[in-house]
Structures are given as structure tokens and as C-alpha cells.
Amino acid sequence: MQKAPSAAMGFFCLWYRVLTEDKPMKFIDEATIQVFAGKGGDGAASFRREKFVPRGGPDGGDGGRGGSIYAIADRNINTLIDYRFARIYRTKNGQNGRGSDCYGKGSDDIVLRMPVGTLITNIHTGEIVADLIHHQQKALLAQGGTGGLGNLHFKSSTNRAPRQFTHGEPGQESELKLELKVLADVGLLGMPNAGKSTLIRAVSAARPKVADYPFTTLHPHLGVVRVDQNRSFVIADIPGLIEGAAEGIGLGHRFLKHLTRTRLLLHVIDMMPLDEKADPVHDVQALVKELQKYDTSLYQKPRWLVLNKVDLLPEDERAAICNQLIHNLGWEGRYFALSALSGAGCKVLTYAIMEYLEQNVIEANNESNDR
């Protein structure tokens, strides 16, 4: 007969569920680690000492190699939180060689799994060690030292009893900076509360937090937009930017780096801001200046305007207000008027993005073929 669960067991189950349910992993996109590869084992200087073997020669074996440290990209990981707390990684040294031709055992390697899109640089030299942009891409972070040679290698016709051997080489050591830059085709940028999170919810399965106050988005969100059965692209949403972001004001400046790998930027504009004194034209121009201050290459990326919340405008004045804004901005690029909340106009936008990305791939392939 099965025993009924005790009250203590029931309390434990309730406590476990409270701690584990709906607890998203904290998003960490920067970390610093130290890696120490193992030293190679020393070679041995030894001679055979066996009964009935009067002229046994040298039999010192080689030392084993020290363990190396590798990084591998894993698409199932999306944060560097593991490396924020565990910062030192050290492999074991190789074993020394011994007599009777016994070679030392090599040490096992360490493989660090990191999110796809992680950029690894040497803190002291600024050199890029690896850029993990493909799933299962592997990179060497610290090479283990090779083992030393035993006196077995130094015997010759003129040196029949060599006492030479070599020491193992030291392993590499370095301090590395890990920087995660998410891989997305399209990036959303705009002022706080412009409707970026609502837009990514409308066009993809991503479910970032949405509220009627600024800075509801505290870290980047990725969503896959499926236009057709075999046509899709990845879109990224970052916290809203405000004037002075390049100098560190607000939140978005910390996450602008996540837009550097995108091929297209969507500048979302709030057509009905909460603050009645807000000027959309000034906000757009201020954000563009912040992009230019932060990174010239990001500023030069292709950018489209997305006029959001047009459903809140009077229907008979909607087109005129949008055209007036475009005229005041002096904008000559592509723009789309839509409502992310109701979904009106979102389908037209996603198809246009898909066509642009596909054309971009074709042109890139043509250029590579011409070379």
C-alpha cells in the first residue's frame, strides 16, 4: 500500500516550485576570465637495471603534454552568467616520464561552452582570440605545454649512456574578456516606450515584458519571424535609448553592441508619446546623433523608419500626420506606418524585410563570385 506524502514533503515541494517556476536566467553579456594551461611533464634520465642484461641502455620516457583550454559555441546557451562567478580555469600538468620506456600521461583538456556570438579578446594586448559565430565552432584559448624528452632520444653510437633530458614547456596563461553580441538579422531601436517590445511580440513568438511606462525592457530579446514556411529571419529588441546614451545615460548604451552584427535597423517612432510636450522629430534626430557618437559603423547601417501607434491618430488625419513627420525629418529612405498592438501593417513590414535580406544575400554572393 502506497504511503501518503507527509506534510513536510508537501511543504518542500511547494518551496521548490516557488524557487524554480518562472525564474528566467539572468542575462549577462560580459565577463572576464583567467585561463591557465597545464605544464608539460619532464623527460626522464634512466637506464635499464635488469638481471642478465649486462649492457642495458637508456630507457627514460618522455613527459606527457599539459592540458589545453578550448571554447566552443553552443546555441543552447544565451548568457555568460556561468563565467561571471567562476573566473579561473586551470588544467592539470602532464605527468613526468619514467624509466622502462614509460611515457608520462597527458592531461585532459577543458572545453568551455559559450553562447553563439561571443567575442573573446585578450585584455592586455587587445588581440581578438576568437569570434564564435557558428554553432559548434571551436577555438583554442590556452595551449598546454609539450612534454620534455627522455634520455632515450639522445642515445647514439658515440653517446651510449646519455644523461641528457629536457623539461616540459610551460602552458600558456592569459586574461580574457568575453563579450556577447547577439546574432540577429534585424535590430530594433528607439526611445523608451516607443513600442519595440510590442512590435517584436506582434511579428514573432518572443514575449518580452510590455507595460505603459518607460524602460520595461532591461535586456535584449530575440525573436524568429517566419514569413513563409521556409523563409524566416531573426529580430532583436534592446532597451530604449535616450539623449546622452553615448555618454552612459540610460540603459540602451550597454546593449548597442548587440546591433553591430545586424544587417538592417528598424527605428521605431512613437506617434502618440505619453508626454504631450515630446517632439518626435527631435527624438529621432537625437537618437541618430547618439548612434553616430557610439559607433560610426552602426550609424552607417541601413535603417528604416517604423511609425508606430498610428491607430491612435484620427483616421482622417493619419496619412497627413505621417507625411508631415517624414517631411520635417527630411527622410528619403523607406518607412512604414503600422500599429504593433493591433497588428495592422506588420505583415507588410515583415515581407519587405524578408525581400531586402534575401536581395542582400544575393548581392553579397555575386560580389564574392566576382572576386
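Read-outs throughout are calculated quantities, based only on the coordinates presented, and are distinct from any laboratory measurement. Fair warning: this is a prediction, and the values are worked out from it, not measured in the lab. Backbone-built Cβ (ideal geometry, glycine too); neighbour counts: all protein chains shown.
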* From the square roots a ≥ b ≥ c of the eigenvalues of the alpha-carbon gyration tensor of segment 279-371, which class results: rounded (a/c under 1.5), prolate (a/b over b/c), or oblate? -> oblate
* Asked: Amide H of Arg48: which non-local residues (sequence gap of 5 or more, or other chain) have their own amide H closer than 5 Å, using H built in the peptide plane?
  -> Gly57, Asp59
* Asked: Each residue of segment 151-166 in order: what ³J(HN,Hα) in whole Hz does its phi give by Karplus 6.51 cos²θ - 1.76 cosθ + 1.60, θ = phi - 60°, with x for Gly and Pro?
  -> 5, 4, 7, 9, 6, 7, 5, 9, 10, 7, 10, x, 10, 7, 7, 10
* Structure fact -> For Gly171, other-chain or 5+-apart residues with amide H closer than 5 Å (H placed, Pro excluded) are Lys39, Gly40, Gly145
* What relative contact order, as a whole-number percentage, does segment 145-191 give when Cα pairs under 8 Å and 6 or more residues apart are counted? -> 37
* How big is the Rg/Rh ratio for segment 59-186, C-alpha atoms only, Rh by Kirkwood, two decimals? -> 1.18
* List the residues whose amide H sits under 5 Å from the amide H of Leu141, counting only those 5 or more places along or on another chain, with H placed 1.01 Å from N in the peptide plane. => Ile69, Tyr70, Ala71
* Zone of Lys289 (label point 7 Å along Cα→Cβ, backbone N under 18 Å): which residues in segment 301-335? -> 328-331
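Please sort 74-81, 356-363 by packing, taking for each peptide the average over its residues of neighbouring beta carbons within 10 angstrom, highest first. Walk me through the intermediate numbers first.
On the way: 74-81: 15.5, 356-363: 13.0.
Highest-to-lowest ranking by the protection proxy: 74-81, 356-363.
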* Ranked from highest to lowest mean number of other Cβ atoms within 10 Å per residue, what is the order of the peptides 141-150, 109-118? -> 141-150, 109-118
* Asked: HN-Hα J couplings of segment 124-139 from phi, Karplus 6.51/-1.76/1.60, θ = phi - 60°, integer Hz, Gly and Pro as x?
  -> 7, 9, x, 6, 6, 7, 6, 10, 8, 10, 10, 4, 6, 5, 10, 9
* Beta carbons within 10 angstrom, averaged per residue: use that to sort the peptides 60-68, 298-306, highest first. => 60-68, 298-306
